[in-house]
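Peer 1: Starting off with a structure, shown below.
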Amino acid sequence: MKIWSTEHVFSYPWETVIKAAMRKYPNPMNPNVVGVDVLDRGLDTEGRLHSHRLLSTEWGLPGIVRAILGTNHTQTYVKEHSIVDPEEKKMELCSTNITLTNLISVDERLLYRPHPDNPEVTVLTQEAIITVKGVSLSSYLEGMMARRMSANARKVSIIW
Amino acid sequence: MNSVGEACTDLKREYDQCFNRWFAEKFLKGDRSGDPCTESFRVYQRCVQKAIREKEIPVDGVDFMGPDKGSGKDRSFFSFNAS
């Protein structure tokens, strides 16, 4: 198991970053996600927007890893729950994989908030727990996933 | 970006366009009325739920606890049903 967290700073106000984050896919810089669907969405009594999304992802694992894992199912599905609070200026997003769960679990949590001292800047805190089950490649795969997720979260800043 | 159901992609784009406009122009600016995209969402959902059933994607196999309730023992945010 690898527990890992990091922080990114975007030089844009919170609203700009949140708009990009809600449209994070499609992102030509992140080909891992090949499909996105909204399953449920609505406002709660406090005026926060909840979205449940289903992401179809292609991890692009190296062939040797696929052979060892014994699966050709490189397409896997991720469920994501996000909450946007426009009063507090806070967006929280949690995701977890719902297929290949016998091999790996990736739980990720992102939090976007304005910088406490500078409203023109947004801070993203990212945490992930990655567990590869029962294969000797665990640490290699966990490290690879952690690097990839870190790179992907940062790509939201790219405006194309 | 595509939908999980190939046939649903156009419906999804129509809904996304409606939602994104409301999100940027109303919601983030403090307008608390709900999004006006209910009808396009309903049509899109009918298509997506069918595709999910056909592809046997276990969307309901996960007990999604949500960001505010994370209190699992060895899993911080979510708990899985045995499947």
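Peer 1: Can you tell me which of A:92-101, B:7-16 comes out highest on packing, and rank the rest after it, using the mean Cβ neighbours within 10 Å?
Peer 2: On the way: A:92-101: 21.0, B:7-16: 18.2.
Averaged packing, sorted descending, gives the order A:92-101, B:7-16.
Peer 1: Determine the shielding of peptide B:49-60 by partner chains: average, over its residues, the number of Cβ atoms on other chains within 10 angstrom of each Cβ.
Peer 2: Working: counts 2, 0, 3, 4, 0, 0, 2, 1, 7, 5, 7, 3.
If you average over the peptide's residues, the count of other-chain Cβ atoms is 3.
Peer 1: Additional query: Return the subset of A:K24/A:K133; A:K19/B:K55; B:K29/B:K50; B:K12/B:K55; A:K24/B:K55; A:K133/B:K55 for which the Cα-Cα distance in this structure is over 27 Å, preserving the input order.
Peer 2: On the way: A:K24/A:K133 29 Å; A:K19/B:K55 31 Å; B:K29/B:K50 35 Å; B:K12/B:K55 18 Å; A:K24/B:K55 25 Å; A:K133/B:K55 25 Å.
Those over the limit are A:K24/A:K133; A:K19/B:K55; B:K29/B:K50.
Peer 1: Between chains B and A, what is the buried accessible area summed over both chains (1.4 Å probe, protein heavy atoms, nearest 100 Å²)?
Peer 2: Values: alone 6880 and 8830 Å², together 12230 Å².
Counting both chains, the buried surface is close to 3500 Å².
Peer 1: Extension gain A:L43-A:N118, at 0.36 nm per residue separation less the Cα-Cα distance, in nm? Each step should come with its number before you reach the end.
Peer 2: Numbers: separation 75, 0.36 × 75 = 27.00 nm, distance 2.84 nm.
Extra length from A:L43 to A:N118 when fully extended: 24.2 nm.
Peer 1: Please average, across the residues of A:120-131, the number of beta carbons from any other chain that are within 10 Å of each residue's own beta carbon, and give a whole number. Don't skip to the end; give the middle numbers.
Peer 2: Values: counts 0, 0, 0, 0, 0, 0, 0, 2, 0, 5, 0, 2.
Mean inter-chain Cβ contacts per residue within 10 Å come to 1.
Peer 1: Turning to a different aspect of this structure: Enumerate the amide H contacts of A:I98 below 5 Å, restricted to partners 5 or more residues apart or on another chain; note that Pro and chain-start residues carry no placed amide H.
Peer 2: A:Y77, A:V78, A:K79
Peer 1: I've got another one for you. Evaluated at 20 °C with a viscosity of 1.002 mPa s, what Stokes-Einstein diffusion coefficient in µm²/s does the stretch B:6-55 have when Rh comes from the Kirkwood expression over alpha-carbon pairs? Spell out each step's value before the answer.
Peer 2: Values: Rh = 11.7 Å.
Approximately 184 µm²/s, per Stokes-Einstein.
Peer 1: Here is a follow-up. From other protein chains only, count the Cβ atoms within 10 Å of every residue's Cβ in A:32-45, then give the mean. Intermediate results must be reported in sequence, preceding the final value.
Peer 2: Working: counts 0, 2, 3, 10, 6, 18, 10, 6, 2, 6, 2, 5, 0, 0.
Mean partner shielding for this stretch: 5.
Peer 1: Also, quick follow-up: Sticking with the crude label model, points 7 Å out along Cα→Cβ, report the distance from A:D85 to A:E15 in nm, one decimal please.
Peer 2: Distance between label points: 2.0 nm.
Peer 1: Apply the Karplus parameterisation 6.51 cos²θ - 1.76 cosθ + 1.60, with θ equal to phi minus 60°, to every residue of the stretch A:83-95 and state each ³J(HN,Hα) to the nearest whole Hz, in sequence, with x for glycine and proline.
Peer 2: Going residue by residue, I get 10, 10, 10, x, 6, 6, 6, 9, 10, 10, 9, 10, 9 Hz, with x marking Gly and Pro.
The values are calculated or read from the model by the stated rules, or taken from the named source; none is laboratory data. Remember, it's a predicted structure, so these values are computed and weren't measured experimentally. Virtual Cβ from ideal backbone geometry, glycine too; neighbours counted across all protein chains shown. Only protein heavy atoms, including side chains, enter the accessible area calculation; ligands, DNA and RNA are left aside. Shrake-Rupley method; radii C 1.70, N 1.55, O 1.52, S 1.80 Å.
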